[in-house]
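Participant: Sending over a structure as structure tokens; questions will come in a sec.
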Amino acid sequence: MAKIIGGIGSSHIPAIGAAMDRGIGDTPYWKDFFDGYVPVREWLRREGPDIVILFYNDHGLEMFLDKKPTFAIGAAPEYHNADEGWGIKPIPPVTGETELSWHIVDELVENDFDPTVCQEIKVDHGLTVPLSLMYPGNSYQGVKVIPVCINCERHPMPKPSRCYALGRAIGAAVESFGGDQKVVVLGTGGLSHQLDGERAGFLNTEFDRECMDKLVSDPEALTAYSIEDLVEIAGAQGVELNMWLGMRGCLTGRVREAHRNLVAPISNTAAGLQLLLNE
Ligand SMILES: [Fe+2]
């Protein structure tokens, strides 16, 4: 059966893509951030996963406020991105994994999740930036990607408990898939940040560290928060923690934290990175 070997939480902010394109990763502002990715890239190179399941949110490229699925999953043979106006260069197409996508869809619907199924969808920086970070020089041609999209833009948003449960259902679906593929799950976005309003620039790194601790030892404790709690404690866009919870939900066994980094502020966010091994 397919096996989930680990999960990675990572920032996905567009400024990272622009910094990679401009080759300024070694400047004082970025160095600690990019240095944090070296061990994760090495782990990925060593393990060579066949499939990446990637939780992200669409910031308006394909799903704007007028049509916003709560949960969506890609079932396309290939995914393209497009210019979002952030100055990030488009990346080469990402290869899909339709067979496992459809298996996950079948299992989700059977288990009372009803995602929007996307057989054609453009993917934004929420997906492309972490992929480019994990695979330097966009060297992700050998890996197949399944995008899982969670609404983090328009209220009402799914509760953290629901996103964790979605991850659990996806994890169970992967484990029941009759292949021998190695799967890695990425939860992207966050951590604490607020981009607009009176509290623009707000960060709460103490809470971010607590979340990263709980993601290792007691993820269910994080499911007690409501969306309103997260907005208050972690900022309006701190709700992107939901993607990290989806990732953690997929990890079926006990986990061990193999690597962590938290740098703030990076483009007005607390930029987290965490590698969790599924034991
Ligand atoms: Fe985001």
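Participant: Is it the case that the stretch 109-117 has a residue that's closer than 22 Å to Ile5 by Cβ and surrounded by fewer than 19 Cβ atoms within 10 Å (Cβ to Cβ)?
Facilitator: Our first condition is that a residue be closer than 22 Å to Ile5 by Cβ; within the stretch 109-117, this holds for none.
Within the stretch 109-117, none of the residues are closer than 22 Å to Ile5 by Cβ and surrounded by fewer than 19 Cβ atoms within 10 Å (Cβ to Cβ).
Participant: Which of the residues that make up the stretch 228-241 are within 22 Å of Leu186 (Cβ to Cβ) and either among the hydrophobic types (A, V, I, L, M, F, W, C) or within 11 Å of the ligand (Cβ to nearest atom) (or both)?
Facilitator: Leu230, Ala234, Gln237, Gly238, Val239, Glu240, Leu241
Participant: I've got another one for you. What number of residues within the stretch 187-213 satisfy the criterion of being in contact (Cβ under 8 Å) with a residue 24 or more places away in the chain, part of a helix (DSSP H, G or I) and over 19 Å from Leu277 (Cα atoms)?
Facilitator: First, the residues of the stretch 187-213 that are in contact (Cβ under 8 Å) with a residue 24 or more places away in the chain: 187-197, 199-205, 207-209, 211-212.
Filter again for part of a helix (DSSP H, G or I), leaving 205, 207-209, 211-212.
Filter again for over 19 Å from Leu277 (Cα atoms), leaving 205, 207-208.
Residues flagged as in contact (Cβ under 8 Å) with a residue 24 or more places away in the chain, part of a helix (DSSP H, G or I) and over 19 Å from Leu277 (Cα atoms) within the stretch 187-213 amount to 3.
Participant: Also, I was wondering about something else. Output the qualifying pairs, or none if there are none: Cβ atoms under 9 angstrom, residues six or more apart or on different chains, first residue in the stretch 35-46 and under 14 Å from Ser11 (Cα atoms), second residue aliphatic (A, V, I, L, M) and surrounded by fewer than 19 Cβ atoms within 10 Å (Cβ to Cβ).
Facilitator: Hits for this filter: Val40/Ala258.
Participant: With the condition kept exactly as written, say whether any residue in the stretch 195-205 is among the hydrophobic types (A, V, I, L, M, F, W, C) and more than 16 Å from the ligand (Cβ to nearest atom).
Facilitator: As a first pass, look at the stretch 195-205 and keep what is among the hydrophobic types (A, V, I, L, M, F, W, C): 195, 200, 202-203.
Checking the rest, the ones that are also more than 16 Å from the ligand (Cβ to nearest atom) come to none.
Checking the stretch 195-205: not a single residue is among the hydrophobic types (A, V, I, L, M, F, W, C) and more than 16 Å from the ligand (Cβ to nearest atom).
Participant: Right, next: Which residue pairs have Cβ atoms closer than 6 Å, lie 6 or more positions apart in sequence or on different chains, and pair a first residue in the stretch 60-75 that is farther than 11 Å from Thr116 by Cα with a second residue that is of a type outside the set (A, V, I, L, M) and open to solvent by 30 Å² or more (accessible area, probe 1.4 Å)?
Facilitator: Every condition considered, the pairs that remain are Leu61/Glu84; Leu61/Lys122; Glu62/Lys122; Leu65/Arg154.
Participant: Given Ala169, Ala165, which one is in contact with a Phe, Trp or Tyr (Cβ under 7 Å, 6 or more places away or on another chain), modelled with pLDDT of 95 or more, more than 14 Å from the ligand (Cβ to nearest atom) and among the small types (Gly, Ala, Ser)?
Facilitator: Criteria check complete, one pass: Ala169.
Participant: How many residues does the stretch 50-62 hold that are open to solvent by 10 Å² or more (accessible area, probe 1.4 Å) and away from the ligand (no atom under 13 Å from the Cβ)?
Facilitator: Going through the stretch 50-62 one residue at a time, the tally reaches 2.
Participant: Okay, moving on. Listed residues Val145, Val216, Val184; which is touching a residue at least 12 places away in the same chain (Cβ under 8 Å), over 22 Å from Glu110 (Cβ atoms) and either among the acidic types (Asp, Glu) or open to solvent by 10 Å² or more (accessible area, probe 1.4 Å) (or both)?
Facilitator: Val216
Participant: For the stretch 1-94, please list each of the helices (runs of 4 or more DSSP H) lying entirely inside it that holds at least 1 residues being touching a Leu at 6+ places or on another chain (Cβ under 7 Å).
Facilitator: Of the helices (runs of 4 or more DSSP H) lying wholly inside the stretch 1-94, those with at least 1 residues that are touching a Leu at 6+ places or on another chain (Cβ under 7 Å) span 14-22, 38-47.
Participant: Please verify whether the stretch 75-89 includes one or more residues that are under 28 Å from Val255 (Cα atoms) and either surrounded by 13 or more Cβ atoms within 10 Å (Cβ to Cβ) or not polar (S, T, N, Q) (or both).
Facilitator: In the first step, residues of the stretch 75-89 are kept if they are under 28 Å from Val255 (Cα atoms); the result is none.
Within the stretch 75-89, none of the residues are under 28 Å from Val255 (Cα atoms) and either surrounded by 13 or more Cβ atoms within 10 Å (Cβ to Cβ) or not polar (S, T, N, Q) (or both).
Participant: For Ser132, indicate whether it is of a type in the set (Ser, Thr, Tyr), over 30 Å from Arg22 (Cβ atoms) and in a helix (DSSP H, G or I). Break it down stepwise before answering.
Facilitator: Working: of a type in the set (Ser, Thr, Tyr): yes; over 30 Å from Arg22 (Cβ atoms): no; in a helix (DSSP H, G or I): yes.
Answer is no for this residue.
Participant: Is it the case that Pro28 is under 19 Å from Thr269 (Cα atoms), open to solvent by 10 Å² or more (accessible area, probe 1.4 Å), within 16 Å of the ligand (Cβ to nearest atom) and not aliphatic (A, V, I, L, M)? Reasoning before the result, please.
Facilitator: Values: under 19 Å from Thr269 (Cα atoms): yes; open to solvent by 10 Å² or more (accessible area, probe 1.4 Å): yes; within 16 Å of the ligand (Cβ to nearest atom): no; not aliphatic (A, V, I, L, M): yes.
So Pro28 does not fit the description; no.
The values are calculated or read from the model by the stated rules, or taken from the named source; none is laboratory data. This structure is a prediction, so every number in the text was calculated from the model and none was measured. Cβ: placed from backbone, ideal geometry, glycine included. Neighbour counts: every protein chain shown. What goes into the accessible areas is simple: the full protein's heavy atoms, side chains included, and nothing from ligands, DNA or RNA. Shrake-Rupley method; radii C 1.70, N 1.55, O 1.52, S 1.80 Å.
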